[in-house]
Amino acid sequence: VKHLHISDELSLSLDAITQKFAFIARSGAGKTYAASKLTEEMLDAGAQVVVLDVVGTWFGLRLAADGKGEGIPIPIFGGEHGDVPLAPHHGALVADAIIDRTLSVVLDVSGFTGGELRRFATDFAERFFHRKKTHRSAVHLVLEEAQVLVPQRVMKGEERMLGAFEKLCKLGRNYGIGYTLISQRPQAVHKDVLSQTEALFVLQTNGAHERKALEQWIVEQSGDKKLVDELPGLPVGTAYVWSPQWLRIFRKVKIAPKRTLNASATPTFGATAKATGELAPVDLEALRSAMATAVAEAEKDDPKTLRKRIAELEAKLAKAPVGPPQVKIERVEVIPNVVRNVLSIKAEKLQGAAHRLRELPDYLDEIASALLACVRETPAGDPKAKTPYPTNGHAVVAPAKAPRQAPMRPSTRENVASADADGDLGKGERATLTAIAQHANGVTRAQLTVLTGYKRSTRNTYLQRLGAWRLIVERGSRFVATDAGVAELGADFEPLPTGDALRTHVLGSLPEGERTILQVLVDAYPDAVDREAISEATTYTRSSRNTYIQRLGARELVEVAGDGVKASPMLFDA
Ligand SMILES: Nc1ncnc2c1ncn2[C@@H]1O[C@H](COP(=O)(O)OP(=O)(O)O)[C@@H](O)[C@H]1O
Ligand SMILES: [Mg+2]
C-alpha cells in the first residue's frame, strides 16, 4: 500500500487526502515547502489535488528541484507560467472542468486584484462544493494564504466568499473533500474553520498573537499548551505535528526534501529567480478538447489572443470591398466577450455604489436631524402677540405701528414681470407675504393655500420670488417674514382675514365634503370629535369621511389624534 512519505519520522496513509491539514509558521520557516511536499506525495500516489495559489509559486511543481529538469505534469491555469489563462469570471467554469475531468491543477490567481480574487474564489468554491455532492471522489484542496480566503474578520463584500469556504471546509468531507490551510497568521484564519483541523503542522513561530491562537487550538484538543514555548526555537523545515484524534500523535518531524522546485525561495544574488528549465509537458491537447468551453472562454479573454484576433479582423475589414457579412459573424463571436468584461467591471463598481447608496438614508436622516435641531433652536413667537416679538432677526410679527422703512429693492426684482410698474410688490406676492407676516410661527405651504386661496403652482412661484428677494425665509417646513419683508409691507398693511373672518373665508372656499366636516369641527372647537360622531353628524360613509378628513389634514385645517379630529387652532387665531 502506498504511503505519503512526508518525513523520515512520519508517513501518512492515503486517508490523508480527505483529511484537514493546517500548516502554520512565520514567513520563511517552511510552510509552503512542507505543504508542497505533502502535495507531491499525494500527486505521486495518483490523488487529485487542486491548489488555489494566491502567491504564485506553486508552478514550481512542474520543475525538478534544481529548476531545470521536469517535475510533475500538473496543468497550471493562470499566472505567469499558466498553460491556460484564467479570468476572474472563470471560477464556476473551472470548477466544472476540474470535476468533470477529475483534474489535478494549480489555479494561479496571484495576478488578480482583491475584488477579482474574491469573485473567482467565491464562484469556484460555491460551484465546486455543489458539484461534489454528486461526484463523491477524494480530492484535496490546498489553500495558500488561507486567511485571505477564510478570514476571521470579514470585510464588506467578503461574506459570500467566507460562507462558501466555510461550507466547503466544514461539510466537504462528506463528499470526499479534504484540504490544507497554509497561513502565517492563524489568528486571522476563521476560528470555526481552523478548529476543524485534524493534523496541525506548526513550524517556527514567534509572534505573540500567532502563538496565542495555536495555544487555543492545542487546549481545545486537550494538549499541553507549554509546548507553544518551544515554537520560536524550531529550525527551518522542522515541524511539530499535532493530531490528537486522527493520527493520535504529537511529534517533532523534519520535513523530507522535495523533488520539485521550491519557487518561493528568496532569490539570491547571481541566481535567476525564474525557472530556466522546461516545464514538464502536460497533455494540453486532451485537456483543451475536453474543456472546450472553458479554454475557449479563457483564450478569448486573454489580452494577447484578443489583440491578435482584433488585428486579424481589422485586416479582414480593410480588405473587404463592401459590407462584409462574414466579418459581422466574426464580430458576434468576439465582441460580446469584450463587452462582457467591461460590463463585469462596471457591475462590480455598481455594486460598490449600491452599498454606499444603502447608507444614504442614514446620512439624509442625520442631515434632517441637524436641520430640525437648528429650527428648534430658533425662537418661536407668540401668535397672539400684538407687539413685535423680540426676534434676533428671525421670525417677526407685523408691527402694529412700525415706522415705514424704505422698501428693499434688490436688483433681481426689476426683472420680475409680476411686480408693479412702480416697483411695489405684485398683488399675489403681497397677499402671500401678508399671510406669512401675520403668523409669527410661520406658515406651511398648505396653510398658505388656505389663507390666500392661490393654487399650488402659483403659490410656489410667489414663495420662490419672495425668497429670492429675502423678504421671507424657510425654516423647517414653514415660511416666516424677514425684517425686510415686514418693512416692505409697511406698517399699515392690511391683514388677511383671521379668526371669524378666516373661518368664513375658508369654509366658503372648500368643496362640500370638506366644508361640511370642517363645520362640524369648528362648531365643536376646542373639543375634538370622534370619527364615528363625524359620520353620524354628516351621514358620510366611512371611506369618504376619511378621505375628507385626510384632505383637511393635508391643508392643516384639522389636527388628527387617534380617532379624534379637531379644527386647527389656526382658524381661531384672532
Ligand atoms: N524541509 C525543508 N528542507 C529544506 N529546505 C527547506 C525546508 N523547508 C524550508 N526550506 C527552505 O526555506 C525556504 C523558505 O521556505 P518556505 O516554505 O517558502 O517558507 P514559508 O512558506 O513558510 O514562508 C525554502 O525556500 C527552502 O529553501
Ligand atoms: Mg510560503
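The values are calculated or read from the model by the stated rules, or taken from the named source; none is laboratory data. Remember, predicted model here, so these are calculated numbers, not experimental data. Every residue, glycine among them, receives a Cβ derived from its backbone with ideal geometry; neighbour counts consider all protein chains shown. For the accessible areas, the whole protein counts, side chains as well, though only heavy atoms, and no ligand, DNA or RNA atoms are used. Shrake-Rupley method; radii C 1.70, N 1.55, O 1.52, S 1.80 Å.
With A524, A528 as the choices, which residue is open to solvent by less than 40 Å² (accessible area, probe 1.4 Å) and either in contact with a Pro (Cβ under 8 Å, 6 or more places away or on another chain) or at pLDDT 85 or above (or both)?
On the way: A528 fails: open to solvent by less than 40 Å² (accessible area, probe 1.4 Å).
Checking each option against the conditions leaves just A524.
Go through region 195-208 and count every residue that is open to solvent by 20 Å² or more (accessible area, probe 1.4 Å) and either touching a residue at least 60 places away in the same chain (Cβ under 8 Å) or among the polar types (S, T, N, Q) (or both). Give the derivation first.
The initial filter retains those residues of region 195-208 that are open to solvent by 20 Å² or more (accessible area, probe 1.4 Å), namely 195-196, 198, 204, 206-208.
The next check asks that each one be either touching a residue at least 60 places away in the same chain (Cβ under 8 Å) or among the polar types (S, T, N, Q) (or both); those that pass are 195-196, 198, 204, 206-207.
Total satisfying the criteria: 6.
Give the residues of region 20-41 that are away from ligand 2 (no atom under 11 Å from the Cβ), open to solvent by 10 Å² or more (accessible area, probe 1.4 Å) and touching a Phe, Trp or Tyr at 6+ places or on another chain (Cβ under 8 Å), sorted by residue number. Before you say what the answer is, go through the steps one by one.
Within region 20-41, the first condition is being away from ligand 2 (no atom under 11 Å from the Cβ), and the residues that meet it are 20-22, 24, 37-41.
Next, from what is left, pick out any that are open to solvent by 10 Å² or more (accessible area, probe 1.4 Å): 20, 37, 41.
Listed by number, the list holds a single entry, K20.
So L162 passes all but one of these: (1) open to solvent by 30 Å² or more (accessible area, probe 1.4 Å); (2) more than 16 Å from ligand 2 (Cβ to nearest atom); (3) farther than 21 Å from T102 by Cα. Which condition number does it fail?
Failed condition: (1).
Helices (runs of 4 or more DSSP H) wholly in region 433-535 with at least 2 residues that are touching a Ser or Thr at 6+ places or on another chain (Cβ under 8 Å) - which ones? Steps first, please.
On the way: elements: 445-452, 456-468, 483-489, 499-509, 512-524.
Answer list for region 433-535: 445-452, 456-468, 483-489, 512-524.
Go through region 90-111 and give me each residue that's open to solvent by 40 Å² or more (accessible area, probe 1.4 Å) and either closer than 14 Å to V148 by Cβ or in contact with a helix residue (DSSP H, G or I) (Cβ under 7 Å, 6 or more places away or on another chain) (or both). Give the steps one after another, and end with the answer.
Taking region 90-111 as the starting set, the residues that turn out to be open to solvent by 40 Å² or more (accessible area, probe 1.4 Å) are 93, 100-102, 110-111.
Passing the criteria: L93, R101, S110.
Residue-wise test of (1) touching a strand residue (DSSP E or B) at 6+ places or on another chain (Cβ under 8 Å); (2) closer than 19 Å to R173 by Cα.
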residue	(1), (2)
S110	yes, no
K133	no, yes
V139	yes, yes
V150	yes, yes
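Taking region 137-159 as the search range and keeping residues that are within 13 Å of ligand 2 (Cβ to nearest atom) and open to solvent by 30 Å² or more (accessible area, probe 1.4 Å), which one is farthest from E41 (Cα to Cα)?
Pass one, region 137-159, residues within 13 Å of ligand 2 (Cβ to nearest atom): 142-148.
With open to solvent by 30 Å² or more (accessible area, probe 1.4 Å) added as a condition, the list becomes 145, 148.
Numbers: E145: 21, V148: 26 Å.
For region 137-159, the residue satisfying everything is V148.
Quick one: which residue in G114, G56 is at pLDDT 90 or above and over 23 Å from E40 (Cα atoms)? Let's see the steps before the verdict.
Values: G56 fails: over 23 Å from E40 (Cα atoms).
Of G114, G56, the one residue that is at pLDDT 90 or above and over 23 Å from E40 (Cα atoms) is G114.
Identify, from the list V50, V94, the residue that is more than 17 Å from T260 (Cα to Cα) and in contact (Cβ under 8 Å) with a residue 12 or more places away in the chain. Before the answer, list the steps.
Working: V50 fails: more than 17 Å from T260 (Cα to Cα).
The match here is V94.
Can you tell me which residue in region 188-225 is nearest to ligand 1 (Cβ to nearest atom), limited to those that are touching a strand residue (DSSP E or B) at 6+ places or on another chain (Cβ under 7 Å) and part of a loop (DSSP other than H, G, I, E, B)?
Restricting to residues being touching a strand residue (DSSP E or B) at 6+ places or on another chain (Cβ under 7 Å) and part of a loop (DSSP other than H, G, I, E, B), the top hit is L203.
If you go through region 65-72 one residue at a time, do you hit one that is more than 16 Å from ligand 1 (Cβ to nearest atom) and surrounded by 18 or more Cβ atoms within 10 Å (Cβ to Cβ)? Write out each step before concluding.
So in region 65-72, the residues more than 16 Å from ligand 1 (Cβ to nearest atom) come out as 68-70, 72.
Pick out the ones that are also surrounded by 18 or more Cβ atoms within 10 Å (Cβ to Cβ) and you get 72.
Yes; the residues of region 65-72 include at least one that is more than 16 Å from ligand 1 (Cβ to nearest atom) and surrounded by 18 or more Cβ atoms within 10 Å (Cβ to Cβ).
Give me the strands (runs of 3 or more DSSP E) completely within region 1-62, filtered to those with at least 2 residues that are within 11 Å of ligand 1 (Cβ to nearest atom) and more than 40 Å from the chain's Cα centre (by Cα), ordered by residue number.
Fully inside region 1-62 and qualifying: 4-7.
In region 209-235, what residues are exposed (fewer than 13 other Cβ atoms within 10 Å of the Cβ) and touching a helix residue (DSSP H, G or I) at 6+ places or on another chain (Cβ under 9 Å)?
Residues satisfying the conditions are H209, V219, D224, D229, P232.
Select from region 109-146 the residues that are within 16 Å of ligand 1 (Cβ to nearest atom) and not β-branched (V, I, T) and write down the one among them that is farthest from Y179 (Cα to Cα). Outline the logic, then answer.
Filtering region 109-146 down to residues within 16 Å of ligand 1 (Cβ to nearest atom) leaves 110, 142-146.
Retained after the next criterion (residues that are not β-branched (V, I, T)): 110, 143-146.
On the way: S110: 19, L143: 7, E144: 11, E145: 13, A146: 11 Å.
The extreme case among them is S110.
Restricting attention to region 235-262, which residues are away from ligand 2 (no atom under 16 Å from the Cβ) and outside any strand (DSSP E or B)?
If the condition is that a residue be away from ligand 2 (no atom under 16 Å from the Cβ) and outside any strand (DSSP E or B), then P235, P244, Q245, W246, L247, R248, A256, P257, R259 are the ones that fit.
Considering only residues that are in contact with an Asp or Glu (Cβ under 9 Å, 6 or more places away or on another chain) and on the phi > 0 side of the Ramachandran plot, which ones fall in region 462-500?
G499 - this is the single residue of region 462-500 that is in contact with an Asp or Glu (Cβ under 9 Å, 6 or more places away or on another chain) and on the phi > 0 side of the Ramachandran plot.
Restricting the search to region 165-187, which residues are in a helix (DSSP H, G or I), touching a helix residue (DSSP H, G or I) at 6+ places or on another chain (Cβ under 8 Å) and open to solvent by 20 Å² or more (accessible area, probe 1.4 Å)? Write out each step before concluding.
Pass one, region 165-187, residues in a helix (DSSP H, G or I): 165-175, 186-187.
Those left that are additionally touching a helix residue (DSSP H, G or I) at 6+ places or on another chain (Cβ under 8 Å): 165-173, 175, 186-187.
Of everything in region 165-187, those that are in a helix (DSSP H, G or I), touching a helix residue (DSSP H, G or I) at 6+ places or on another chain (Cβ under 8 Å) and open to solvent by 20 Å² or more (accessible area, probe 1.4 Å) turn out to be E166, K167, K170, L171, R173, Y175, Q187.
Mind checking whether some residue in region 42-51 is of a type in the set (D, E) and away from ligand 2 (no atom under 16 Å from the Cβ)?
Yes, because at least one residue in region 42-51 is of a type in the set (D, E) and away from ligand 2 (no atom under 16 Å from the Cβ).
Among the numbered criteria (1) open to solvent by 10 Å² or more (accessible area, probe 1.4 Å); (2) away from ligand 2 (no atom under 16 Å from the Cβ); (3) not basic (K, R), which single criterion is violated by V84?
Of (1) open to solvent by 10 Å² or more (accessible area, probe 1.4 Å); (2) away from ligand 2 (no atom under 16 Å from the Cβ); (3) not basic (K, R), only one is false for V84: (1).
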